[in-house]
Amino acid sequence: MALLPVSEALERLLDGAEPGGSETVSLREASGRVLAAPLHALRTQPPFAASAMDGYAVRADDIASLPALLSVIGEAPAGKQFSGTLSHGHAVRIFTGAPVPEGADTVVIQENVRDLGNGEIEVVEPTTPGRNIRAKGLDFRQGDLILDTGRVLDPAALSLVAAANHPEVEVAKAPLVAIIATGDELLPPGSNPGPGQIIASNAYGVAAIAESVGARVLDLGIAPDRTEAISARVQKALDAKADVIVTLGGASVGDHDLVHGVLTGLGMDLDFWKIAMRPGKPLMFGRLGKTRCIGLPGNPVASLICAHIFLKPLLAKLGDRPYSADIRNGILDTAMAANELRQDYVRAVARETADGLVVTPYTVQDSSMLRTLADANCAIMREPFAPAAEIGSPCRVLMLR
């Protein structure tokens, strides 16, 4: 099978991916979810003319000439309405959020009032009509469209939904991703590795990438290099109705690379498994019924770079979530050699300067080096057969964080 260009591989992987419908969840469960239907206000906010400050509700014509002496006839704390009507020469002590009394048309802040005692105040600074009053419906009115389909429910949006009196919302179903690490050499973090063993790390980064676009993650742990062990975990993923199964390692064609055989034995229709990219050449993709199967490389950097490029947009599409890769133009501050036949993703650090985004690639790019990836904030995207680049040459970068 010939090496597939990255753009074609991504197109094939996304082909036919559709959102999985919607569900209704409480506001406590809605953070980061995507609205599946337009949302209209169930109430008016504020529901009455409300004081925006602590002070005194007065009639503006009573304080046209200063200083103005007024009699305080009552109090309006938040949550309580003054029951009477304000007439000339009177004031009502009022607090932020309280309804403005009938007859009042402005609020004098308490700093501009002198309390004379005996129920009298003296207003010493001018205030215009309507000042420090939030008009009824200033934010929204009952029936207003407050959020449209496709909005990600961030903190501000969630607060707006709550203020509009919605206890729950209809959201797009979050896709379920089952992650299966493979390899006899792998042990979980906190273990004491024996000779030839290493700590499994890829699943944590891949899960975080999946969750960053709203997916749910089912971590099925580490499967040893045995057909029955891998098959059992794949079956668990299918029983859980996973939208995507992600395997880590074992998807190539070595004697101990069993994932491809297990999945095809269960009926997977293989689409591709070799991509013209570095790192990440042995990436597998196929369909097992309605479930999409992605075999990521075992090398940690290759696994995470491929997850950024392929898994992230797939999950966003399945979750009906707006998404586009953050690709920017930069300027190299280090010369780079000519590229070979694969599209290269070179770990680098990009920094904003007065001249634009200046990008420094790391000298060593081994796909096992996670520390370099953790320090990098981008990857320089070099097209196949790109010529050598001098200092100051333009480049395209995929921002990773």
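The table below lists the values:
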| read-out | value |
| --- | --- |
| Relative contact order [Cα under 8 Å, 6+ residues apart], segment 267-401, whole percent | 25 |
| Calculated FRET value between D326 and H40, using beta carbons and R₀ = 45 Å, to 0.05 | 0.85 |
| Kyte-Doolittle mean at least -0.5, axial Cα span of 24 Å or more - DSSP H helices of the chain | none |
| Volume in Å³ per residue [convex hull over Cα atoms, computed for the chain] | 204 |
| Gaussian network model of the chain, Cα within-10 Å springs - most flexible of L283, L357, L14 | L357 |
| Residue with peak Gaussian network fluctuation, the chain [Cα springs, cutoff 10 Å], from A307, A237, A374 | A374 |
| 222 nm mean residue ellipticity, helices alone, for the chain (DSSP H n ≥ 4; -39,500 (n - 2.57); rounded to 500) | -5000 deg cm²/dmol |
| Gain upon complete extension [V364, T227; 0.36 nm per residue less C-alpha separation] | 45.7 nm |
| Accessible area per residue in Å² at 1.4 Å probe, computed on segment 332-401 | 55 |
| Shape of segment 349-401, Cα gyration tensor, a/c cut at 1.5 | oblate |
| Positive-end residue, segment 161-275 charge dipole about Cα centroid, Cβ charges, pick of I222, G267, G183 | I222 |
| Restraint check, K274/K312; K236/K281; K281/K317; K241/K281, Cα-Cα greater than 22 Å | K236/K281; K281/K317; K241/K281 |
| Whole-percent carbon and sulfur share, accessible surface of the chain, 1.4 Å | 51 |
| Square roots of five times the Cα gyration tensor eigenvalues for segment 193-271, Å | 20, 19, 12 |
| Estimated dipole of segment 247-396 in Debye, rounded to 20 [Cβ of Lys and Arg +1, of Asp and Glu -1, Cα centre] | 440 |
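The values are calculated or read from the model by the stated rules, or taken from the named source; none is laboratory data. Note that the structure is a prediction, hence the values are computed from the model and not measured. Every residue, glycine as well, gets a Cβ built from its backbone with ideal geometry; the counts of neighbours run over all protein chains shown. Only protein heavy atoms, including side chains, enter the accessible area calculation; ligands, DNA and RNA are left aside. Shrake-Rupley method; radii C 1.70, N 1.55, O 1.52, S 1.80 Å.
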